[in-house]
Every structure is written in structure tokens, then in C-alpha cells.
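The values are calculated or read from the model by the stated rules, or taken from the named source; none is laboratory data. All values reported here derive from a predicted model rather than from experimental measurement. No Cβ is skipped: glycine too gets one built from the backbone with ideal geometry, and neighbour counts run over all protein chains shown.
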Amino acid sequence: MSFPATAKITKEGIIEIGGVSVEVLAEKFGTPLYVMDEQTIRQKCREYRLAFQNKYPNTSFIYASKALSTLSILKIVAEEGFGLDISSGGELYTALKAGVDPETIYFHGNNKPADEITEALEAKIGRFVVDNLEELNELNMQALKRGEKANILVRLNPGVEAHTHEFIQTGKIDSKFGFPQSGIPELIKKIKAAKAINFVGIHAHIGSQIFEADSFAKETDVLIELGAKFKKEGLEVKEINIGGGIGISYVDSDDPPPIEAFAEKIAAVLIEKAEAAGLDTPKLVLEPGRSIVGEAGITIYRVGSVKHIPGIRTYVSVDGGMLDNPRPILYGAQYKVLVANRALDEEKHKQTIGGRFCESGDILFKDVHIPMVKKDDLLVVFCTGAYGYSMASNYNRVPRPAMVLVNDGKAKLIIKRETYQDLIKNDILI
Ligand SMILES: Cc1ncc(COP(=O)(O)O)c(C=O)c1O
């Protein structure tokens with residue numbers, strides 16, 4: 001499994017990240033606490049750039065902001081030369097407030113509301129990734145009224161099945177996302193008839209937490225084949241966007257190859273097949289989310305109680321859980337956990353770590369082996385940077401945790417802890 005680039009365990013067994021001890025972070029900012037390591041985020045962006053630089057230089061990267069969208073995080077990825085994948089007006093708003101160049105923004109989604117399309121046109125974003133004919137029509141009408149042309153990619157369903165969890169699989173034929181291949185002839189006709197649409201290219205996303213570079217090679221191959229159909233009808237494919245989905249190592253059994261391995265396979269297919277299919281060295285676009293921020297994040301929890309049920313199990317309850325990290329209850333997602341100040345202890349005991357929320361499924365770790373914990377111990381969960389905060393809720397009316405960014409021995413608050421006032425700010429008492 002992977003730790004943040006700056007994570008360390010001192011000889012006393014205390015975990016540090018970004019040069020700051022987890023105990024100090026918990027003391028200063030409270031728990032539960034999301035901590036993001038700036039160096040890891042920057043390093044991941046650079047790894048992508050470097051890997052593709054030699055293999056296929058005409059590549060650009062957009063960060064899938066659904067993984068974690070906050071002003072400071074978006075500023076960092078933009079500084080690293082990444083554009084942005086957004087899938088809502090809220091993500092657009094956050095991006096604009098973070099100072100992201102609208103030209104670099106791609107708008108995704110299988111049901112973009114008309115007012116969010118308007119907001120995106122007003123912001124002059126770079127690309128709409130059109131998912132269906134209704135959206136094409138709406139976008140064309142709005143752009144026509146404004147006397148503008150909207151640049152589009154179309155999301156296609158390549159029918160490639162990535163080996164990952166069923167719930168986070170989107171590229172197979174039976175999917176709510178994208179145009180089925182049988183719909184391509186009609187789509188081409190409609191694009192050609194749409195006066196305010198500028199066709200730029202094609203897009204697909206085959207799933208998440210993918211470890212097989214071959215899945216992307218297959219997807220690229222299918223997209224080139226489909227792209228040839230557009231080209232034949234006079235629609236030049238200038239961009240092929242293969243989506244996100246490269247996996248990360250949450251636990252020891254997760255063993256994704258390095259980014260270069262993906263770059264090598266994807267570039268090989270593009271170089272070999274694109275020209276033959278009549279596509280003139282299209283720009284390649286990737287939109288990673290999890291692999292940019294996932295490993296950079298940790299969550300710190302404080303233990304509240306330890307309950308021994310003789311002959312059955314030991315339950316440890318922490319002060320967070322399914323609210324700040326819904327992935328375990330949603331997908332059975334697994335993580336690595338360590339005791340913050342006893343990370344080197346050899347003696348381990350089987351314990352089940354539960355959250356504080358009113359769902360018996362709110363279990364973060366079942367039967368995990370860690371040193372025996374007691375009230376007030378701190379637990380550190382690794383790899384929580386992606387799809388934790390962004391999927392968090394206010395279940396049980398509990399305020400969402402704060403987030404800090406660490407670097408070079410300093411910790412900066414980048415999201416304030418919610419307050420009770422925040423919880424009722426939209427409530428109206430009758
Ligand atoms: C269209 C699209 N692009 C990119 C991503 C990012 O995927 P990941 O975070 O697995 O890289 C997603 C995730 O759901 C997506 O739906």
C-alpha cells in the first residue's frame with residue numbers, strides 16, 4: 001500500500017506527515033481531521049506529465065475534481081499544469097473561485113441541468129463532454145442564442161469492461177453514461193446539423209481503481225475505431241479523451257503498475273493505430289482524480305470507546321466514520337490503519353473499528369490487527385484523499401471535519417470544520 005510521499009514514522013513510533021506529527025495536528029485542529037500532503041499531490045501530477053512526455057507528447061491532463069474539490073487543492077493542480085474535469089455547476093463555481101483558467105475546463109455529466117449549461121457557457125469553458133442527444137440539443141440552442149459555438153467531445157460507451165468493483169464501473173455496454181455505439185450514426189447527423197456546435201473529439205471513461213494498462217489500451221483501440229466513423233463523415237477527431245480510473249494502492253494486495261506502464265501501452269496503440277485509421281495524431285487527454293489526491297490524504301480519528309464482547313469481537317468506536325468516508329459502507333472499500341503513536345509496536349490484537357453513526361454497517365475496519373487501543377488513542381487511516389470529503393454527508397447532523405494541507409513542517413487549514421450553525425443555515429422554522 002502507499003503512504004503520502006512525506007509520511008514518516010519516528011523511532012518512537014509516531015507518525016508524521018509533511019514534517020508535522022499527527023499528534024500535533026490532532027491537538028491543533030481537532031479530530032476527525034483530513035490531512036492532505038501537498039508534495040504528494042504535486043509529485044503525482046509530475047509523474048503523469050513525465051510519463052507521457054516521452055511516450056506521447058501531445059497529451060494534456062485534466063484533474064477529475066469530483067475526487068476532491070476545494071479551492072486550495074484546485075489551485076495546486078492548476079499550478080502543476082492540469083486542466084479540470086467538472087461535473088456540476090458547483091464544481092465549476094469552485095474552479096472559477098480557485099482561479100482555474102476556464103479554457104482548461106471540461107464539463108461532464110449524464111444530465112447537465114440547462115442552467116448549469118448556461119453557467120458554463122457564460123464562464124467560457126473549454127469543452128462540453130456531451131452525453132446524450134437532449135444535451136446536444138440544449139447546448140446547441142443556448143449557444144445559438146448567444147451567437148457562440150460550443151466546443152464538444154462526445155462521450156461514447158466503448159463497451160470495455162475494466163476489472164474493478166461493479167458499482168464504480170462505467171464503461172460496459174449496460175451503462176447510464178455515454179452514447180451506445182448503435183447511436184453513433186444518428187449522433188453524427190445531429191452534430192453536423194447543429195449550427196452552434198464545434199465537434200472536437202471523443203471521450204470514454206471505463207471505470208475506476210483500474211490496475212490493468214491493457215484495459216486502457218483496449219479502450220484507446222476502440223475509441224480510434226469509433227473515431228474513424230466520425231472522420232469518415234467529415235468530423236475530424238482532434239482529441240481522444242480516455243477518462244480517468246488509474247488505480248492506487250489502498251492495501252498491500254493492491255499493486256498498480258507505475259504510470260509509465262499505462263503511458264507506454266496507451267501511446268503504443270495511439271501511434272500504431274490512429275494514423276492508420278485516418279486520425280491525424282489526435283491530442284490525448286487523461287482525467288485522473290483518485291491517483292492525484294488519493295494517496296496524499298490521511299484521516300485522523302480519536303478513539304472514544306473500546307467494547308469487548310467475550311468470544312465474539314472487540315469493537316473500537318472512533319469519532320468519525322461513514323460521514324467523512326462513505327466508501328467502506330458503499331463499496332466495502334478497504335484501507336490501511338495505524339495507531340498514531342504506536343506505529344512500530346509489534347504486538348497486535350484483532351479489533352473492529354466502527355464509526356460513530358447510527359448504522360450498524362458503519363464499520364471502517366473489520367477484524368483488523370493493530371496494537372490494542374484505548375480511549376483517546378489516535379488512529380490514522382491512509383489513502384483517504386479521494387472520494388472521502390467529496391462524498392461526505394451530514395448524517396446524524398454531525399458537522400463535517402476540517403481539512404489541513406501540510407508541507408515543509410507547516411500545516412494550513414484549507415477547509416474549516418463545520419459548525420452547528422452551518423448545519424441549520426438553510427433550515428426554516430415554521
Ligand atoms: C468521466 C470521469 N472522468 C474521470 C473520473 C476520475 O476517475 P478516477 O478518480 O478513478 O481517476 C471519473 C470518476 O468517476 C469519471 O466519471
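Residues in segment 72-103 that are within 16 Å of the ligand (Cβ to nearest atom), closer than 13 Å to I41 by Cβ and either of a type in the set (A, V, I, L, M, F, W, C) or buried (at least 24 other Cβ atoms within 10 Å of the Cβ) (or both): I73, L74, V77, F82. Of everything in segment 352-362, what is touching a helix residue (DSSP H, G or I) at 6+ places or on another chain (Cβ under 9 Å) and either exposed (fewer than 12 other Cβ atoms within 10 Å of the Cβ) or in contact (Cβ under 8 Å) with a residue 40 or more places away in the chain (or both)? Give them in sequence order. R356, F357, C358, D362 - these are the residues of segment 352-362 that are touching a helix residue (DSSP H, G or I) at 6+ places or on another chain (Cβ under 9 Å) and either exposed (fewer than 12 other Cβ atoms within 10 Å of the Cβ) or in contact (Cβ under 8 Å) with a residue 40 or more places away in the chain (or both). Against the definition (of a type in the set (D, E) and either part of a loop (DSSP other than H, G, I, E, B) or touching a residue at least 60 places away in the same chain (Cβ under 8 Å) (or both)), how does E264 come out, yes or no? So E264 passes the test. Whenever a residue of segment 132-155 is more than 22 Å from V285 (Cα to Cα), its partners that are among the polar types (S, T, N, Q) and modelled with pLDDT of 95 or more, lying with C-beta atoms within less than 7 angstrom and at least six residues away or across chains, give the pairs Q142/T118. Among the residues of segment 306-349, the ones that are closer than 21 Å to R417 by Cα, out of contact with any helix residue (DSSP H, G or I) (no Cβ under 9 Å at 6 or more places or on another chain) and small (G, A, S) come to 2 in all. Whether a residue is part of a helix (DSSP H, G or I) and within 12 Å of the ligand (Cβ to nearest atom) was assessed, and Y106 does not pass this test. Going by the conditions given, is F179 in the same structural domain as D85 (by TED's automatic domain parsing), closer than 23 Å to A143 by Cβ and either of a type outside the set (K, R) or surrounded by fewer than 16 Cβ atoms within 10 Å (Cβ to Cβ) (or both)? Answer is yes for this residue. Summed over segment 110-125, the residues that are within 16 Å of the ligand (Cβ to nearest atom) and surrounded by fewer than 20 Cβ atoms within 10 Å (Cβ to Cβ) give a count of 2. Can you find a residue in segment 331-351 that is part of a helix (DSSP H, G or I) and touching a residue at least 24 places away in the same chain (Cβ under 8 Å)? There is at least one residue in segment 331-351 that is part of a helix (DSSP H, G or I) and touching a residue at least 24 places away in the same chain (Cβ under 8 Å).
When you check E287 against the structure, is it in contact with a His (Cβ under 8 Å, 6 or more places away or on another chain), charged (D, E, K, R) and either at pLDDT below 95 or under 27 Å from V77 (Cβ atoms) (or both), yes or no?
yes
Looking at segment 254-266, is at least one residue surrounded by 24 or more Cβ atoms within 10 Å (Cβ to Cβ), more than 16 Å from the ligand (Cβ to nearest atom) and under 25 Å from the mean Cα position of the chain (by Cα)? For segment 254-266, residues surrounded by 24 or more Cβ atoms within 10 Å (Cβ to Cβ), more than 16 Å from the ligand (Cβ to nearest atom) and under 25 Å from the mean Cα position of the chain (by Cα): absent. If you go through segment 112-137 and keep only what is part of a loop (DSSP other than H, G, I, E, B) and under 22 Å from F61 (Cα atoms), you end up with K124, I125, G126, D131. Note on segment 373-391: residues that are within 16 Å of the ligand (Cβ to nearest atom) and assigned to a loop (DSSP other than H, G, I, E, B) amount to 6.
Condition check ((1) part of a helix (DSSP H, G or I); (2) of a type in the set (A, V, I, L, M, F, W, C); (3) under 30 Å from V339 (Cβ atoms)) across all residues:
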{"site": "T6", "(1), (2), (3)": "no, no, yes"}
{"site": "Q43", "(1), (2), (3)": "yes, no, yes"}
{"site": "R49", "(1), (2), (3)": "yes, no, no"}
{"site": "P57", "(1), (2), (3)": "no, no, no"}
{"site": "K75", "(1), (2), (3)": "yes, no, no"}
{"site": "L92", "(1), (2), (3)": "yes, yes, no"}
{"site": "N110", "(1), (2), (3)": "no, no, no"}
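The selection criterion, being within 16 Å of the ligand (Cβ to nearest atom), hydroxyl-bearing (S, T, Y), out of contact with any Leu (no Cβ under 9 Å at 6 or more places or on another chain) and at pLDDT 95 or above, does not hold for T6.
In the set V318, V237, V251, V269, only one residue is more than 16 Å from the ligand (Cβ to nearest atom) and not assigned by TED's automatic domain parsing to the domain that holds I62; that residue is V318.
I'd like to know if segment 363-380 contains one or more residues that are under 19 Å from the mean Cα position of the chain (by Cα) and farther than 18 Å from E38 by Cβ.
No, segment 363-380 contains no residue that is under 19 Å from the mean Cα position of the chain (by Cα) and farther than 18 Å from E38 by Cβ.
K189 - would you say it is among the charged types (D, E, K, R), closer than 28 Å to P102 by Cα, in a helix (DSSP H, G or I) and without any contact (Cβ under 8 Å) to a residue 12 or more places away in the chain? No, not satisfied.
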